[in-house]
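The values are calculated or read from the model by the stated rules, or taken from the named source; none is laboratory data. Note that the structure is predicted; figures quoted are calculated from it, not measured. All Cβ positions, even for glycine, are placed from backbone atoms using ideal geometry, and neighbour counts span all protein chains on display. Note: accessible area is taken over every heavy atom of the protein model, side chains too, but ligands, DNA and RNA are not part of it. Shrake-Rupley method; radii C 1.70, N 1.55, O 1.52, S 1.80 Å.
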Amino acid sequence: MAKQIEVAGLDAYYGSHKAIEGISMTIEPRSVTAFIGPSGCGKSTFLRTLNRMHEVIPGARVVGKVRLEEQDLYGADVDPVSVRRTIGMVFQRPNPFPTMSIFDNVAAGLRLNGRYSRSQLDGVVEESLKGANLWNEVKDRLNKPGAGLSGGQQQRLCIARAIAVRPQVLLMDEPCSALDPISTLAIEDLISQLKQDYTIVIVTHNMQQAARVSDKTAFFNLAAQGQPGKLVEMDETSKIFTNPAEKATEDYITGRFG
Amino acid sequence: MTVQTGIQPISAARRAKDRLVQVLVYLAFALAVIPLLSVLWLVVKNGLGRFDMEFLTHSMRNIGARDAGGGAYHAIIGTLEQVLLASLIAVPIGLLTAVYLVEYGEGGRLSRTISFFVDVMTGVPSVVSGLFVLAFWILVLGMPFSGFAGALALSILMMPVVVRSAEEMLRLVPRELREASYALGVPKWRTIVKVVLPTAFTGIVTGVMLAVARVAGETAPLLLTVFITDSINNDPFNGPQMGLPLYVFDQAGRPTDTAINRAWTGALTLILIVMLLNLVARLITWWRSPARRR
Ligand SMILES: Nc1ncnc2c1ncn2[C@@H]1O[C@H](COP(=O)(O)OP(=O)(O)OP(=O)(O)O)[C@@H](O)[C@H]1O
Ligand SMILES: [Mg+2]
């Protein structure tokens, strides 16, 4: 189920502004990869190029290659819609569909993509909510609006929604930045469980979080304001946090800048 | 820069200013409400007398110039059919135009051109839309005067209102919702149908109701396209029909008190129909809203 991602020489633009440049890396299956780096260095941009979400912004484009197990995601005949079905995403701010109930939110990905019987949906919704550690809190009010949950619950609802379509990769952009420590812990536990089945990439500003949950860490930086962001180094998380190869990485991790 | 120390009470000057502005705001509100209330009062006072079963169920057929009695049944049927037909034409086209402008146009040349012409259409006087249908549909194509011709003229007036209001509502739908849907692997068109439109539904219905209310009272375009009749004509595609605004116009122009009273009652009926439609729209949006399930 989980698949490897290979990126080679990737640049991403917003109109004429080059936001990231020359990024190459390999993201291993069944593991958690963390992206860290100062604000504005292009972590979110890079993450969104991995499932072709970057190009939904008007004027945005990508140069370079992203391969999912030998398949070029930016190939001429590749349908971006099916790429996004394979590589799911959780956003920084929880964004449940306001017109839908909790149940409908989780079922949305399946429902909007094809026909499923009620019993099939029931099964998937329960399984996904359990997977996102939310089932016990909402099982008695599945037909209440998703927007009526707390922020942390909403974020877990969004995770349940993302895993309900059974993606092979899960991209998470600062999924805990709006959450309290308990919800954060719940989501970190969840990430550790999910990595049994998924390839997970997580952007975070929280060094402890990166150290706790990730197997590999990639550090991004930009040379100066207005310059494109670049990948400085990527290695085992333990190595990045104890003995990084680059001086900039060490400075960032120890809080000397950024 | 002076540094404020300590927490201070609200100064007398600020209190006075607050009072003054409050009074001005209430005054402005009262001024705005006076015409509305006086119109309502006048219409109800003068219209209630003839607001009876006969008025609602009879036409003006065989009612002589000085006779009492008679009703507006033919006009009510006409107005309902004409407004319904106009909505059936204008709402889909208007909604699709708004979807194009917001979701697909991306500020390109075509979308700017459309936007410009929608603005132009907003400014078209209602009589001109009637003249257009008269000249094109009736004189050039040789179609008969009919309720449908009136509906065409009304739909020209409705369309820009629907486009503008729907466009505004669609732009209010946050981009994050669209992205959430895309990220689930939902194609763009399904995202629009299943996520964007339902989210904007309440606002769109309100906009459509405003457009309906606007055209339900139009007289000039109907005069040129629907003509006037005293008999019931249930078929909006053939022959002259009546409409409530036309009825009011027609009756108010007659020299007897009984006719003038019928005109007042016609106006009252029109107001009630628009209010009823608004109520129905409110019910629909309430029934669809997630708050109901909370
Ligand atoms: N929608 C956009 N349009 C134009 N430029 C953008 C857009 N989004 C991001 N950028 C630019 O791209 C660069 C990278 O932004 P990005 O959001 O990827 O940074 P980030 O590393 O995720 O920052 P943060 O940690 O604050 O989330 C920034 O210079 C930003 O100004
Ligand atoms: Mg970001």
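So for region B:57-293, averaging the separation of alpha carbon pairs under 8 Å that are six or more residues apart and normalising by length, what relative contact order in percent results? Intermediate values should be presented prior to the final figure.
On the way: 338 pairs, mean separation 68.5, N = 237.
Computed over region B:57-293, the figure is 29 percent.
With loop defined by DSSP as not H, G, I, E or B, and exposure as at most 11 other Cβ atoms within 10 Å, which is the longest segment of chain A clear of exposed GluC sites (Glu not before Pro)?
Values: sites that count: A:E69, A:E70.
For GluC sites (Glu not before Pro) (loop position, at most 11 other Cβ atoms within 10 Å), the longest site-free span of chain A is A:71-258.
Show the residues, 5+ positions off or on another chain, whose built amide H is closer than 5 Å to the amide H of A:F35.
A:I202, A:V203, A:T204, A:A218
Share of region B:89-246's accessible area from carbon and sulfur, percent, 1.4 Å?
Numbers: 4770 of 6720 Å².
C and S fraction of accessible area: 71 percent.
Got a sec? Which residues of region B:182-223 lose 10 Å² or more of accessible surface with every protein chain in place, vs. that chain alone, 1.4 Å probe?
Checking the loss per residue gives B:Y182, B:A183, B:L184, B:G185, B:V186, B:P187, B:R190, B:K194, B:V195, B:P198, B:T199.
Treating only the Cβ atoms of Lys and Arg (+1) and Asp and Glu (-1) as charged, compute the dipole magnitude of region B:57-293 about its Cα centre; round to the nearest 20 debye. Show your work: numbers first, answer last.
Values: 18 positive and 14 negative charges, 151 e Å.
With Lys and Arg at +1 and Asp and Glu at -1, about 720 debye.
Calculate how many DSSP beta bridges within the protein assembly as shown are antiparallel, expressed in % of all such bridges and rounded to the nearest 5.
60 percent
To the nearest whole number, what is the average tally of beta carbon atoms from other chains within 10 Å of the beta carbons of peptide A:55-62? Don't skip to the answer; put the middle values down first.
Values: counts 0, 6, 2, 2, 1, 0, 0, 0.
Whole-number average of other-chain Cβ neighbours for A:55-62 is 1.
Just need the relative contact order of chain A here, percent rounded to a whole number, with Cα pairs under 8 Å and 6+ apart.
On the way: 504 pairs, mean separation 71.3, N = 258.
Once divided by the residue count of chain A, the mean separation gives 28 percent.
Can you tell me which lysines have their Cα less than 16 Å from the Cα of A:K139? Leave out same-chain residues fewer than eight positions away.
Output for A:K139: A:K130.
I need the shape label for chain B. Rule: rounded when a/c is under 1.5, else prolate if a/b > b/c, else oblate, with a, b, c from the alpha carbon gyration tensor. Before the final figure, lay out each step's value.
Values: a/c = 2.26, a/b = 1.34, b/c = 1.69.
Because a/c hits 1.5 or more and a/b fails to exceed b/c, chain B counts as oblate.
Which length gain, in nm to one decimal place, applies between B:T57 and B:R171 when the Cα-Cα distance is subtracted from 0.36 nm times their residue separation?
36.6 nm
State which entries of A:K195/A:K239; A:K43/B:K194; A:K144/B:K188; A:K43/A:K195; A:K65/A:K230; A:K144/B:K194 exceed 25 angstrom in Cα-Cα distance in the structure shown.
Values: A:K195/A:K239 20 Å; A:K43/B:K194 30 Å; A:K144/B:K188 27 Å; A:K43/A:K195 21 Å; A:K65/A:K230 16 Å; A:K144/B:K194 18 Å.
The answer is A:K43/B:K194; A:K144/B:K188.
How large is the convex hull of the Cα atoms of the protein assembly as shown per residue, expressed in Å³ as a whole number?
Details: hull volume 135.2 nm³, N = 552.
Normalising the Cα hull of the protein assembly as shown by residue number yields 245 Å³.
When ligands, DNA and RNA are left out and all protein chains stay put, how many square angstrom of accessible area per residue does chain B have with a 1.4 Å probe?
Working: 16220 Å² over 294 residues.
Per residue, chain B has an accessible area of 55 Å².
Share of antiparallel DSSP beta bridges in region A:128-258, in percent to the nearest 5? Walk me through the numbers before you get to the answer.
Values: 7 of 12 bridges.
Looking only at bridges with both residues in region A:128-258, the antiparallel portion is about 60 percent.
Angle, helix B:257-288 long axis vs. longest principal axis of chain B, Cα atoms, 0 to 90°, nearest 10?
40 degrees
Determine the residues within region A:96-123 where the difference in accessible area between the chain on its own and the full set of protein chains amounts to at least 50 Å²; count protein heavy atoms only and use a 1.4 Å probe.
Listed by number, the residues meeting the 50 Å² cut-off are A:F97, A:P98, A:T99, A:L112.
From the residues A:N113, A:A164, A:G152, which one has its Cα farthest along the dipole of region A:73-164 in the positive direction, the dipole being from +1 and -1 charges on Cβ of Lys/Arg and Asp/Glu about the Cα centre?
A:G152
Where both residues lie in chain A, what percent of DSSP beta bridges are antiparallel, nearest 5?
Working: 25 of 43 bridges.
Among the beta bridges of chain A, antiparallel pairing accounts for roughly 60 percent.
What would the Debye equation give as log₁₀ I(q)/I(0) for region B:56-188 at q = 0.09, 0.17, 0.22 Å⁻¹, counting only Cα atoms as equal point scatterers?
Log10 I(q)/I(0), no solvent term: -0.43, -0.98, -1.24.
Which of the trypsin sites (Lys or Arg not before Pro) found in region A:42-115 are in a DSSP loop and have at most 10 neighbouring Cβ atoms, other than their own, within 10 Å?
Details: sites: A:K43, A:R48, A:R52, A:R61, A:K65, A:R67, A:R84, A:R85, A:R111, A:R115; in loops: A:R52, A:R115.
Those that pass, being in a loop and sparsely packed, are A:R115.
If R0 is 25 Å, what FRET efficiency do you get for B:A28 and B:W286 from their C-beta distance, rounded to 0.05? Write down the numbers at each step before the final one.
Working: r = 30 Å, r/R0 = 1.21.
With a Förster radius of 25 Å, E is 0.25.
Apply the Karplus curve 6.51 cos²θ - 1.76 cosθ + 1.60, θ = phi - 60°, to the phi angles in region A:198-204 and return the couplings in whole Hz, x for Gly and Pro.
Calculated HN-Hα couplings, in order: 10, 8, 10, 10, 10, 8, 8 Hz.
Hey, rough spin-label estimate for B:L276 and B:W189, points 7 angstrom out along Cα→Cβ, what's it come to in nanometres?
3.9 nm
Taking amide H atoms as placed 1.01 Å from N in the peptide plane, list the residues 5 or more away in sequence, or in a different chain, whose amide H sits under 5 Å from that of A:A60.
Under 5 Å from the amide H of A:A60 lie the amide H atoms of A:G15, each far enough along the sequence or on another chain.
Quote the charge dipole size of chain A about the Cα centre in Debye, to the nearest 20; the model charges only the Cβ of Lys and Arg (+1) and of Asp and Glu (-1).
Values: 29 positive and 29 negative charges, 126 e Å.
My answer is approximately 600 debye.
How shielded is A:81-91 by partner chains, expressed as the average number of their Cβ atoms within 10 Å of its Cβ atoms? Don't jump to the answer; show the numbers that get you there.
Numbers: counts 8, 2, 1, 8, 4, 1, 2, 3, 5, 2, 4.
Average per residue, whole number: 4.
Give the shape of region A:160-213 as rounded, prolate or oblate, defined through the alpha-carbon gyration tensor: a ≥ b ≥ c are the square roots of its eigenvalues, a/c under 1.5 means rounded, and otherwise the shape is prolate if a/b is larger than b/c and oblate if not. Intermediate values should be presented prior to the final figure.
On the way: a/c = 1.78, a/b = 1.58, b/c = 1.12.
Prolate shape, in that a/c is at least 1.5 and a/b is the bigger ratio.
If the chain between A:S192 and A:T242 were fully stretched, how many nm would it gain, using 0.36 nm times the residue separation less the Cα-Cα distance?
Working: separation 50, 0.36 × 50 = 18.00 nm, distance 2.16 nm.
15.8 nm is the gain from fully extending A:S192 to A:T242.
Report ³J(HN,Hα) in whole Hz for each residue of region B:133-145, in order, from the Karplus equation J = 6.51 cos²θ - 1.76 cosθ + 1.60 where θ = phi - 60°; Gly and Pro get x.
5, 4, 5, 7, 6, 8, 7, 6, 7, x, 7, x, 4
Compute, for the protein assembly as shown, the length of the dipole vector about the Cα centre, with Cβ point charges of +1 (Lys, Arg) and -1 (Asp, Glu) only. Units Debye, rounded to 20. Each step should come with its number before you reach the end.
On the way: 54 positive and 46 negative charges, 188 e Å.
Rounded to the nearest 20 debye, it is 900 debye.
Helix B:197-216 versus the longest principal axis of chain B: what is the Cα-based angle in degrees, 0 to 90, to the nearest 10?
Between helix and principal axis, roughly 40 degrees.
Using a ≥ b ≥ c from the Cα gyration tensor of region B:133-209 (square roots of the eigenvalues), is it rounded, prolate or oblate, where a/c under 1.5 gives rounded and otherwise the larger of a/b and b/c decides, a/b for prolate?
Verdict is prolate for region B:133-209.
For region B:34-42, take each phi angle, set θ = phi - 60°, evaluate the Karplus expression 6.51 cos²θ - 1.76 cosθ + 1.60, and give the result in whole Hz per residue in order, putting x for glycine and proline.
3, x, 4, 5, 5, 4, 4, 4, 4
How far apart, in nm, are the 7 Å Cα→Cβ label points at B:S111 and B:S11?
Roughly 4.9 nm, to one decimal.
What FRET efficiency comes out for A:E126 versus A:A178 if R0 is 35 angstrom and r is the Cβ-Cβ distance? Round to the nearest 0.05.
0.85
Summing -39500 (n - 2.57) over the DSSP H runs of n ≥ 4 in chain A and dividing by its residue number, what mean residue ellipticity at 222 nm do you reach, to the nearest 500 deg cm²/dmol?
After summing the helix terms and dividing by the residues of chain A, the value is -10000 deg cm²/dmol.
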